[in-house]
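What follows is one structure encoded as structure tokens, with my remarks underneath.
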Amino acid sequence: MSMKKFSERSHEIPPKASVVLASNLEEEVFSEKFNGDVIKRFFSYVKPYKRQLIPALIAVIIFTITSISIPLIIKNVFDSTLSGDNNNTNLLYLFVAGFFVAIIFNFISNYLQEILVGRVAEHILFDMRTAMYEHLQSVSLSFMDKTESGKLMSRLQGDVAALQEFLHTAVFAIGDFVLIVGIIITMLWLDFRLGLLTMVVIPALLLIRIIWIPFARSAFLKARITSSIVSGALAENINGVRAVQGMTREYVNYDLFDLRAKENLRAALKASRIGVIMLPTVDSLSGIARGIVVIVGGIFVLNGEIETGVMVAFVLFIQRFFDPIRALTMHYSVLQRAMASGERIFEVIDVPVEMKDKENSIIMDDLDPSIEFNNVTFGYLPNQPILKNINFKIKPGETIALVGPTGSGKTSTTALVHRFYEIWEGEIKIGGVNIKDIKLQSLGNNVSMVLQEPFLFSGSILENIIYSTKNISFQKVVDAAKAVGVHDYIMELPDKYDTQLEQRGENLSIGQRQLISFARAIVRDSKIIILDEATANIDSYTEMQIQNALKVLLEGRTAMVIAHRLATIRGADKIIVLQNGEIIEQDTHENLIKNKGLYYSLSSLNYSSFDDIPNHIIQKITNSTSGT
Amino acid sequence: MIVKNQTISARPLKNNDSFKVFTRIIKMSFKYKWKLFFGISAIFLSTGFSLYIPLLLGNAVDAANNLLSSNSGEVSTINDSKNQLYFICFLLLISSIGRGTFSMIHVYFGESIGQHIGYELRMMYYEKLQRLSFSYHAGVHTGDLITRGILDVEGIRMFVQTAILRVIFLTSLIGTGTFLMITTNPVLGVISLSFVPFVAWKATTARLKLRSNWYALQDKLSVLTKTMDENLGGIRVVRAFSAEEFEMKKYQVISDEALKLSNEQVSIRSQSISQISTAFFISMGIVLLVGGRQVMSGSITPGELTQFLAFMSILLDPVRQIGLMINGFARGSASGGRLFAILDLEPNIHDEDGSKDVKVNKGSLEFRNVSFTYEGDNHETIHNVSFKINPGETLGIVGPPGSGKSTIAHLIPRFYDPSGGPILIDDIDIRNFTLESLRHAVCVVEQDTFMFTASIEHNIAYGNPWAPDDRVEKSTHHAQLAEYIERLPEKYKTLVGERGVSLSGGQRQRLSIARSVMMDPNIIIFDDSTAAIDAGTERKIREELKSLTSKTTTIIISHRLSSLMHANKILFLNRGRIVESGSHNELLELKGQYQDLYNLQNKARGKI
Ligand SMILES: Nc1ncnc2c1ncn2[C@@H]1O[C@H](COP(=O)(O)OP(=O)(O)OP(=O)(O)O)[C@@H](O)[C@H]1O
Ligand SMILES: Nc1ncnc2c1ncn2[C@@H]1O[C@H](COP(=O)(O)OP(=O)(O)OP(=O)(O)O)[C@@H](O)[C@H]1O
Ligand SMILES: [Mg+2]
Ligand SMILES: [Mg+2]
């Protein structure tokens, strides 16, 4: 391929470019949300598997015992049968038989510990991911607005995978731990002083570890965070690949990504250095301990305080004692790495859910579909109100139109009806009940929306139109598709309603996507329907057909319609004119005309669409009407 | 429109292929030959030290025994023994430190090679994904691609980190052990190695099973990622329909399937691990039995048998590790297969041989009988479309949804290649341009805008990141966005959330227009890019742009006729064919579909 290699490019980072914001955004979003004890939290996920873990623990203990006893049996074979001249064949057979029994136990316990611990580990991983995902379903939209899905993905997959490594080694760690406890007891029992002396280095080890932990923690966390930035950058680039190619940003992005990937590499290597530094530390300490035993033990033997046999035993045990400690140290790095991931997982789970159903929340099904805004003030960011003092009332079955220039707050108003965000001041009522008292789930069942940005899921057209609506007959789906005028097109497709859509419906044109998302909303038969520029990407002819179909469909339903075209607006029972987050005027079409106010002036102007009126004219009219 | 539910995982079912994957990974790691060399040397040294330590301890016991036996004897022997004890103590310390240090070196180099390869793979993957063409990206789910980028890169990295160094080490350890045992006592040697064929067989079958399990699991995790990714991307739809429970169910089904695969994996792994070490123990038992009888019959000494068993126990740990490593191998080959499947793809749209960086100076555009079919589709989406626009002129395109307007727009910067008919810019076939120069000359303001998680400024300067501040301000001014931005507390540094969530629909479109204007294209295509902008603002934008782009060839796709009435020529598109074309007045005189549309749009005005 003649495309220039990326590496041949100049690696100059342009001044106005960034690949996925640095971690500060992430820190801001998640800051101080989690400060609990990771291990304690982790155990709450282990608890449900107590029943499987008890046999697993027994298997681990049996395995450890058999693992120790196998070399002991061999030693006994020598001592009792082979070393002397007493060639006792039967004894040899007996020992070999014992050896095989030990092997069988070893085999069974080995298998059981692996499978039981392994399975519980997998269950825990899946549980944690599910907990995160489930939690994300209920956190507020304002949180989700601030968070990149790529980075969430890195927590949902990357961090869970990082935990997996830890859980896989958990079985060894448990075995090692059991071993250490056993050896400590034996050593103390054999000779208390020598036993204590051996363990003299343990406080030193603990001390070093206490110093080490904060460094390790921050290093491993940094490694995870940088890795999540890399994943986020990758995800964003995949999602926006069309924009990237369309604006030939490949080279710049490659360089920027390289920066991030290198940063991650450096962080990972640093974490790895901090992890492995514990190896020589533990080994040096164990060397010291061995030295102490050799010298002190030797002197004890010399003084006749202990028998040689005890010293031999000690020498053997000390070997066995430090190996699991060493192994645990290695696991400890893995554990610290896992803690970093665990922390990031719990951060997600701990994001507070701001919107919860109140106790005794009301089911909306029995309420009439009237909507009322009383002095509603709302904004996305503190101190920046987007909607100011909004007041209006929609009677059941009415259709109202929201009009106004771009950015005036139309979409935001509709979002509030569905309680996507909490308002700052005032109250919103549906059927006379404050929406804060209505069960969120029932709100969704009774308010259906066509969002300004059509979003479809991968899956068949049928699945997309039905989506989560329950008990829908195929005929109803067809009726909805007919109403929005997309049925004929669907029937032309080889697989008709079973045609598979790519993600976001990318194998449909935008207009077609909008029509399907329209059909998805009307199939629901809900009492309130919100259409946010539902026909913006559709030609006037199709739109007219939809308008005609809607007349029947909207019968008895309350509708809020955001639209540009006069044809849509004029049919409404009431028209609300928004500008800069304030209502300038609201009334029925006839009254507005009669009152000879703003709407009248606007309508009598010679523009094919309400929005065709230049701003300076609006300005003039606004000034003149506010004067009277 | 047909769906190509193509899964890209070209499954290496044959062992041969997984061999190729390994050689490829190993080749990559040979780039770090010094690290590899030092890492392996360090393994040998640390093993040497760890074998030396028990020897020293044994010596210590002997020395203590000496002390004891010479208790009554001369002072010099006591001192000798004491000195010996101190010396052993010193050696113990040294070898412990040596063991620790060399273990550290080998673990670190292993991880370092793994991390470096992970980094390389990530960069290669990123580069490849950026270059793969639209038709490829349309066919795969981003969730799948993200999973490969996160989990499969990790799988290979873990394999490199834990397996490569260790395999070399274990092979040499087992080789040495075998050699020692066979030379010490051929009969016992053969018996003690009788577990090898079983382990080899078990390792192979288990690895194959695990590999296909990993394949299935990673594929399932891809589906899981896809589900979660869509859920997070479509969060507003989910909330609007209160579909949280529905979504959880959808997720749970896939999650459970993945968990089942994971459990299967655990049981294959548990079986192979326990069977392999048991096989080893069984041969050890037989050695004990046969060796014990040999000792009794006097054909070998107890010392020989002891030595023999000592050699054998050196093998115990490596054998255990084989059990563990099988899984790493299986995962490595599955992940490698999945990742290389993408790294080996060649974008089907690329610079043609002999293409040049062409500087467009006039900007005429011509379609000559252009046809186009989407991959896997059974009929043409664009059929025999021909038109010509002179430099600086404006072309309008109208037509019902799905008539092919956006498709035409996407053919010009070669997001797709037409199946028939050339497209010419300045009378040069666009395939003679390098992609880079072509896409600099042609800019599409997309119908569905994509914003990046970055500041407003960086988003506007996306295609021209070296532009000075005043350029950015000028463009936002042209797109009627300046006033809004100036009102924001952080102005141009304000963050645009993912895909631009913190902007209103119209603001997003205006930002997208500003972004395109920044690129100074010779040909600019507005694909319904003012649908969410009120017509008043739109008119202002158009006026601003008129002076700026008087030399720019413009294509306007819109449903709002007032947006394109002024065009030099208007195409009415239906089902991929041009059904009417001409200027606004010419089309009205035709009294065809265009006129119907025009009347429909003006009815509202007339009726008041
Ligand atoms: N999630 C968000 N976070 C922060 N600000 C937002 C968010 N959504 C909208 N805004 C801001 O709120 C204001 C009103 O936006 P809204 O989407 O309600 O406008 P609109 O009337 O629907 O406009 P349009 O016709 O362009 O769609 C805009 O200035 C926008 O930038
Ligand atoms: N990636 C794709 N794969 C397969 N078919 C596609 C793809 N994109 C679009 N199509 C189909 O090609 C046809 C033309 O689509 P196109 O997007 O060009 O329509 P359009 O004229 O831009 O419509 P709209 O006004 O709705 O934007 C449609 O029938 C659509 O379903
Ligand atoms: Mg809006
Ligand atoms: Mg289109």
*Can you pull the mean other chain C-beta count within 10 Å for peptide B:282-289?*
5
*Accessible area of B:D427, 1.4 Å probe, to the nearest 10 Å²?*
100 Å²
*What are the lysines whose alpha-carbon lies under 28 Å from the alpha-carbon of B:K388, with same-chain residues fewer than 8 places away excluded?*
B:K356, B:K359, B:K362, B:K405, B:K540, B:K546, B:K551, B:K569, B:K591
*From the phi of every residue in the stretch A:342-355, what ³J(HN,Hα) in whole Hz does the Karplus formula 6.51 cos²θ - 1.76 cosθ + 1.60 yield, where θ is phi - 60° and glycine or proline is x?*
x, 4, 5, 5, 5, 4, 5, 5, 8, 4, x, 8, 7, 9
*Can you list the residues, at least 5 places off or on another chain, whose amide H is less than 5 Å from the amide H of B:I300, using H built in the peptide plane?*
B:V295
*Across the residues of A:247-255, average count of Cβ atoms on other protein chains within 10 Å?*
6
_Under-5 Å amide H pairs with B:A454, H placed in peptide plane, nonlocal only_ = B:V496
*Between A:V484 and residues 5 or more places away or on another chain, which pairs have amide H atoms under 5 Å apart, with H built 1.01 Å from N, and which residues are they?*
none
_Cα centroid of the stretch B:233-296 to Cα centroid of the stretch B:79-96, whole Å_ = 47 Å
*Can you list, largest first and rounded to whole Å, the semi-axes you get for the stretch B:289-439 by taking the square root of 5 times each eigenvalue of its Cα gyration tensor?*
75, 18, 11
*Cα-centre dipole for the protein assembly as shown with unit charges at Cβ (Lys and Arg positive, Asp and Glu negative), debye to 20*: 880 debye
_To test your reading of the geometry: what angle, between 0 and 90 degrees and rounded to tens, separates the Cα axis of helix A:278-302 from the longest principal axis of chain A?_
20 degrees
*For A:K358, list the lysines whose Cα falls under 18 Å from its own Cα; do not include residues on the same chain fewer than 8 positions away.*
A:K429, A:K436, A:K439
*Could you pull the Cα extents of the stretch B:223-267 along its three principal axes, largest to smallest, in whole Å?*
43, 16, 9
*Using just the helices of chain B, give the 222 nm mean residue ellipticity in deg cm²/dmol: DSSP H runs with n ≥ 4 each add -39,500 (n - 2.57), and the total is spread over all residues, rounded to 500.*
-21500 deg cm²/dmol
*Round to a whole number: what % of the accessible area of chain B belongs to carbon and sulfur, probe 1.4 Å?*
58 percent
*Residue-wise, which Karplus ³J(HN,Hα) couplings in Hz belong to the stretch B:415-424, taking 6.51 cos²θ - 1.76 cosθ + 1.60, θ = phi - 60°, and x for glycine or proline?*
5, 10, 9, x, 7, x, x, x, 10, 10
*Put one equal scatterer on each alpha carbon of chain B, apply the Debye formula with no solvent term, and list log10 I(q)/I(0) at q = 0.08, 0.11 1/Å to two decimals.*
-0.78, -1.14
*Which value, in Å² and to the nearest 10, is the accessible area of A:D495 when all protein chains are kept and the probe is 1.4 Å?*
90 Å²
*asked:* Give me a comma-separated list of calculated 3J(HN,Hα) values for the stretch A:451-461, in order, Karplus coefficients 6.51, -1.76, 1.60 applied at θ = phi - 60°, integers in Hz, x for any Gly or Pro.
replied: 7, 4, 9, x, 10, 10, 9, 6, x, 7, 4
*asked:* Using square roots of five times the C-alpha gyration tensor eigenvalues, list the equivalent-ellipsoid semi-axes of chain A in whole Å, biggest first.
replied: 71, 27, 24
*Got a sec? Charge dipole of chain B, +1 on Cβ for Lys and Arg, -1 for Asp and Glu; which of B:V223, B:S364, B:I97 is way out at the positive end?*
B:V223
*Write down Rg/Rh for the protein assembly as shown, rounded to two decimals, with Rg from the C-alpha atoms and Rh from the Kirkwood relation over Cα pairs.*
1.08
_Within the stretch A:364-627: Cβ-based charge dipole about Cα centre, in debye rounded to nearest 20 (Lys, Arg +1; Asp, Glu -1)_ = 440 debye
*How much accessible surface area, in Å² rounded to 10, belongs to the heavy atoms of A:R217 with a 1.4 Å probe?*
110 Å²
_Distance from the stretch B:151-204 to the stretch B:493-554 (C-alpha centre basis), Å_ = 65 Å
_Under a Cβ-only charge scheme (Lys and Arg +1, Asp and Glu -1), can you give me the dipole magnitude of the stretch A:445-572 about the Cα centre, in debye to the nearest 20?_
520 debye
*Please give every one of the lysines within straight-line cross-link reach of B:K202, meaning a C-alpha to C-alpha distance under 29 Å, and leave out same-chain neighbours fewer than 8 residues apart.*
B:K14, B:K20, B:K27, B:K220, B:K260
*Within 10 Å of each Cβ in peptide A:226-239, how many partner chain Cβ atoms are there on average? Round it to a whole number, please.*
6
_Using DSSP to call loops (not H, G, I, E or B), can you name the trypsin sites (Lys or Arg not before Pro) in the stretch A:344-422 whose Cβ has at most 12 other Cβ atoms within 10 angstrom?_
A:K356, A:K358
*When the accessible area of the stretch A:364-627 is split by element with a 1.4 Å probe, what percent falls to carbon and sulfur?*
49 percent
*Kindly provide the helix-only [θ] at 222 nm of chain A, computed as the sum of -39,500 (n - 2.57) over DSSP H runs of four or more divided by all residues, to the nearest 500 deg cm²/dmol?*
-20000 deg cm²/dmol
*Find me the longest stretch of chain A that has none of the exposed GluC sites (Glu not before Pro), where exposed means in a DSSP loop (not H, G, I, E or B) with at most 14 other Cβ atoms within 10 Å.*
A:33-304
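The values are calculated or read from the model by the stated rules, or taken from the named source; none is laboratory data. Here the structure is a predicted model, which is why all the values come from computation and not from measurement. Please note: Cβ atoms are built from the backbone with ideal geometry, for glycine as well, and neighbour counts cover all protein chains shown. Each accessible area value is taken on the protein alone, full model and side chains, heavy atoms only, with ligands, DNA and RNA left out. Shrake-Rupley method; radii C 1.70, N 1.55, O 1.52, S 1.80 Å.
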